[in-house]
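Asks: One structure is given below, represented as structure tokens, and several questions about it will come after.
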Amino acid sequence: MRIGQGFDLHRFGEGDHLMLGGVRIPFHRGVIAHSDGDVLLHALADALLGAAGQGDIGHHFPPDDERWRDLDGLDLLRRCHQLAASSGWCATNVDLTLLAEHPRVADYTTAMREQIAHCLGLPKDAVNIKGSTTEGLGAIGRGEALAALAVALLKPLEQTERDGGRT
Ligand code: MG
């Protein structure tokens, strides 16, 4: 088994929605980002790469590369899971924490878990999402940014799955 962790943070900016866990959430602000700014999926993608010994998303998907402008977070996650598979590993369970004063995401976590579970080929109970605030402290507490933490546990792929993953 392998374990990996990930972290991501984005500043709030102009906009009318957030993408979080692959779910569009109406909000009075957006985030400043080269991609869709989905902190949950970016942290999780880094956790997968970390567990597989594959570096980080900045290495594979450089933010100054126009190919990755507005990259969909679920597409990024899928690509990172494929990179992990190419090293012989696949996710077995993942645990995410969103750090934000607002929005409160309790109403959306079921949909997020479904999106991530589908993307990684996991049962829904292998994807956990928690929300936390920073008690009003720091940039997150002042509502200037939101961030996410992720941990992923990976298991070795069976040889047949490896062969299938390469096609
Ligand atoms: Mg990011």
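Asks: For the full complex of protein chains and a 1.4 angstrom probe, list Met19, Met112, Met1 by accessible area with the highest value first.
Replies: Result, largest first: Met1, Met19, Met112.
Asks: Let me ask something else about it. Order Ser86, Ser35, Ser132 by their accessible area, 1.4 angstrom probe, all chains in place, largest first.
Replies: From most accessible down to least: Ser86, Ser132, Ser35.
Asks: Return one whole number: the accessible area per residue of the chain in Å², for a 1.4 Å probe.
Replies: 51 Å²
Asks: Please work out whether the range 25-137 counts as rounded, prolate or oblate from its C-alpha gyration tensor, where a ≥ b ≥ c are the square roots of the eigenvalues and a/c under 1.5 means rounded, while otherwise a/b larger than b/c means prolate and anything else oblate?
Replies: Note, shape of the range 25-137 comes out oblate.
Asks: Follow-up question, since we're still on this one. Amide H of Gly131 versus every other amide H placed in the peptide plane: which residues, excluding those fewer than 5 positions away on the same chain, fall under 5 Å?
Replies: Leu98
Asks: Just want to confirm a number: the relative contact order over the chain, from Cα pairs under 8 angstrom separated by 6+ residues, in percent.
Replies: Relative contact order of the chain: 31 percent.
Asks: For Cys90, which sequence-distant residues (separation of 5 or more, or a different chain) have an amide H within less than 5 Å of its own amide H, given hydrogens modelled in the peptide plane?
Replies: Result for Cys90 returns Lys155, Leu157.
Asks: Another question, then. Accessible area of the range 2-162 with a 1.4 Å probe: how many percent of it is carbon plus sulfur?
Replies: On the range 2-162, the fraction of accessible area on carbon and sulfur atoms equals 49 percent.
Asks: Give me a comma-separated list of calculated 3J(HN,Hα) values for the range 82-87, in order, Karplus coefficients 6.51, -1.76, 1.60 applied at θ = phi - 60°, integers in Hz, x for any Gly or Pro.
Replies: In residue order, the calculated couplings are 5, 4, 4, 4, 5, 8 Hz.
Asks: Would you check the accessible area of Val31, probe 1.4 Å, heavy atoms only, in square angstrom rounded to 10?
Replies: Surface accessible to solvent at Val31 totals approximately 40 Å².
The values are calculated or read from the model by the stated rules, or taken from the named source; none is laboratory data. Predicted, not measured: the structure shown is a model, and the values here were computed from it. When the accessible area is computed, the model is the full protein with side chains, heavy atoms only, and any ligands, DNA or RNA have been set aside. Shrake-Rupley method; radii C 1.70, N 1.55, O 1.52, S 1.80 Å.
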